[in-house]
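Asks: First, the structure itself, so that you have it in front of you.
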């Protein structure tokens with residue numbers, strides 16, 4: 001701890017983005033000048049300046065403020081001087097604690113020049129009121145800023161501060177983004193790897209081997225390229241989470257998405273995720289980096305994502321095979337050996353709850369042969385009799401889609417009606433409790449089952465809405481199947497790319513005979529993207 005005559009006089013300056021509207025009179029430079037002159041005129045020793053430019057007063061997680069308070073807690077500061085009381089902060093609870101408890105505990109004198117506040121001379125009862133007014137000012141300013149941002153978001157203007165990896169701000173219009181020539185190819189490479197069957201963890205390892213800078217390292221390099229030097233392997237150590245976020249980011253197909261997150265309070269800088277139904281989407285807002293076909297393949301890969309096995313491998317049919325009877329996914333089992341001929345797919349529900357289903361076991365080698373044969377058959381027929389094939393396949397597929405959509409729509413309407421009934425029951429139960437016809441314990445017992453049912457119905461309704469939307473998309477984009485067919489000729493081998501391009505799902509029926517019997521039949525239905533079961 002320093003001697004009293006050696007202690008620091010802390011001159012603190014702060015300017016938020018909203019305060020910049022005040023012009024030069026509120027600038028950091030002007031604050032420094034006023035405080036320096038005041039300290040010199042009044043004989044305050046060892047003046048030292050801390051400043052936070054562009055930080056709101058409602059948060060105290062500011063680098064300048066934190067550094068200054070570290071000196072206070074070390075016992076090195078005798079006085080803190082600010083231009084206005086609001087420069088120190090606009091949170092009445094924190095300000096009250098600072099002025100009345102923390103600074104006195106460390107023997108620190110506090111002065112706000114323009115507000116005639118000097119704790120050495122004592123404070124009056126108006127100070128808490130002043131803090132309240134300062135907080136209200138911050139709240140009202142936050143409301144105005146949010147309203148302006150929301151208006152921009154609803155107009156389809158980009159409100160995000162930083163462009164996503166693969167893009168940069170348009171030099172001619174900062175509210176738009178354009179492909180970044182350095183990183184856009186990396187995004188396309190990541191999507192290509194995933195479409196080929198690689199998961200985020202494997203892609204991260206590939207990027208590390210290829211010495212591709214992580215997004216954070218690339219930003220550091222752009223800020224000061226001359227001084228940048230890769231920090232060992234850390235600059236290339238991609239996180240699985242980072243890769244997964246890129247693969248699920250709609251910006252890469254040209255869609256602008258606003259309002260993904262929100263701040264729960266004007267005092268909080270922590271963002272919370274908005275539910276997808278509150279997002280604002282604008283298609284064709286900028287140049288895409290990934291074509292729609294590749295995007296759809298990757299999303300199917302992500303929806304059916306499964307963990308790699310102990311060897312780090314991921315089966316090419318993983319996530320696409322489902323049980324005809326219970327709908328659960330089938331997974332790979334080695335069946336007691338490492339030879340590929342012994343691998344089988346088995347119903348996941350049967351594995352966990354044997355009383356709920358049967359194994360539906362099918363040999364992996366045989367299933368891959370079936371899938372390859374089906375792809376070859378359908379593509380040959382589509383090429384040979386293009387119009388007739390498409391008409392026949394689409395009539396059947398769309399007919400089935402319409403039936404599914406009708407059933408899902410009926411279920412959705414039923415769920416919505418029941419949700420309305422539950423809301424009425426909640427209100428009635430509350431009224432009964434308010435009239436003392438129900439005890440609080442009876443009320444909670446009664447409404448507890450309502451809450452459980454309501455949550456289940458809400459989740460199911462969201463699933464149905466997504467399924468109906470997906471079905472409509474398939475009906476509108478069915479001609480894309482022939483575009484996929486045109487990409488492949490003389491198919492000889494089943495590859496992950498081929499599977500993700502063509503296959504929507506594979507439905508495995510139960511065997512006609514138990515597992516141990518050799519003579520049996522087993523039906524396998526292969527559903528193709530955009531045309532269903534052919």
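Asks: Starting from the Cα of residue 178, step 7 Å along the direction of its Cβ; do the same at residue 463; then give the gap between the two resulting points in nm.
Replies: Inter-label distance under the simple model: 4.6 nm.
Asks: When the chain is fully extended, how far beyond the present Cα-Cα distance does residue 492 get from residue 170, taking 0.36 nm per residue of separation?
Replies: Once the chain is fully extended between residue 492 and residue 170, it gains 111.4 nm.
Asks: Starting with the fewest neighbours, write out 106, 65 ranked by other beta-carbon atoms found within 10 Å of each beta-carbon.
Replies: 106, 65
Asks: So between residue 384 and residue 480, what do we pick up on full extension, going 0.36 nm a residue minus the alpha carbon distance?
Replies: Working: separation 96, 0.36 × 96 = 34.56 nm, distance 1.73 nm.
Contour length minus the Cα-Cα distance gives 32.8 nm.
Asks: Can you give the FRET efficiency to the nearest 0.05 for residue 106 and residue 147, using r as the Cβ-Cβ distance and R₀ = 41 Å?
Replies: On the way: r = 41 Å, r/R0 = 0.99.
It comes out at approximately 0.50.
Asks: If each of residue 356 and residue 36 carries a label point 7 Å out from its Cα toward its Cβ, how far apart are those two points in nm?
Replies: Going by the 7 Å Cα→Cβ label model, 7.2 nm.
Asks: Mind jotting down a quarter of the surface of the convex hull over the alpha carbons of the stretch 4-149, in square nanometres, one decimal? Mind showing how you got there, number by number?
Replies: On the way: hull surface 33.8 nm².
Reported value for the Cα convex hull: 8.5 nm².
Asks: On to the next question. Set the Förster distance to 22 Å, then compute FRET efficiency between residue 259 and residue 219 from the Cβ-Cβ distance, nearest 0.05.
Replies: Numbers: r = 24 Å, r/R0 = 1.10.
Efficiency for this residue pair is about 0.35.
Asks: Taking a ≥ b ≥ c as the square roots of the Cα gyration tensor eigenvalues, with a/c under 1.5 meaning rounded and otherwise prolate when a/b beats b/c, else oblate, which class fits the stretch 167-301?
Replies: Details: a/c = 1.43, a/b = 1.18, b/c = 1.22.
Rounded is the answer for the stretch 167-301, as its axis ratio a/c remains below 1.5.
Asks: Here is a follow-up. In which sequence would 172, 510 go, from the one with the fewest C-beta neighbours within 10 Å to the one with the most? Please report the intermediate quantities before stating the final value.
Replies: Values: 172 7, 510 19.
Neighbour counts put them in this order, fewest first: 172, 510.
Asks: Among 410, 511, rank each residue by its count of other Cβ atoms within 10 Å, from fewest to most, as a rough exposure measure.
Replies: Numbers: 410 11, 511 17.
If I rank by nearby Cβ atoms, fewest first, I get 410, 511.
Asks: Then there is this: Can you compute the FRET efficiency between residue 29 and residue 420 using 1/(1 + (r/R0)^6), with r the Cβ-Cβ distance and R0 = 45 Å? Round to the nearest 0.05.
Replies: 0.15
Asks: Another question, then. Determine the shape class of the stretch 96-161: with a ≥ b ≥ c the square roots of the Cα gyration tensor eigenvalues, call it rounded for a/c under 1.5, and otherwise prolate if a/b is greater than b/c, oblate otherwise.
Replies: On the way: a/c = 4.01, a/b = 2.94, b/c = 1.36.
In terms of gyration-tensor shape, prolate.
The numbers here are math on the coordinates, done by the rules we state, and not lab data. Values in this document were obtained by computation on a predicted structure and should not be read as measured data. Virtual Cβ from ideal backbone geometry, glycine too; neighbours counted across all protein chains shown.
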